[in-house]
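Single-structure report; data block below.
Any read-out appearing in this document is the output of simple, stated calculations on the displayed coordinates, not a laboratory observation. All values derive from a computational prediction rather than experimental measurement. A quick note on method: Cβ atoms are made from the backbone with ideal geometry, for glycine too, and the neighbour counts reach across all protein chains shown.
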Amino acid sequence: DSGKYFGNIRQDFLEGQALGVDATPYYIIGDSNISGLPERAELEAILAAIKRQKEL
């Protein structure tokens, strides 16, 4: 553990905080932000809505 990557990790962490990321995993799908591990049905509903929007 040399700390070789600490600066990169810290930078990513701070950037995530600035963008509102508050958990891992964190998904941004279209206009939807999902914090934490979503249920499969939630992901399917979001993806279906995005697909419908693209078909319009």
Inset, instruction - Write out the trypsin sites (Lys or Arg not before Pro) in the chain meeting two conditions: DSSP loop, and at most 14 other Cβ atoms within 10 Å of their Cβ. - result: LYS4
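Tell me, rounded to the nearest percent, the portion of alpha carbon pairs in the chain spaced more than 17 Å apart. Working shown, then result.
On the way: 810 of 1540 pairs.
I get 53 percent for the Cα pairs in the chain exceeding 17 Å.
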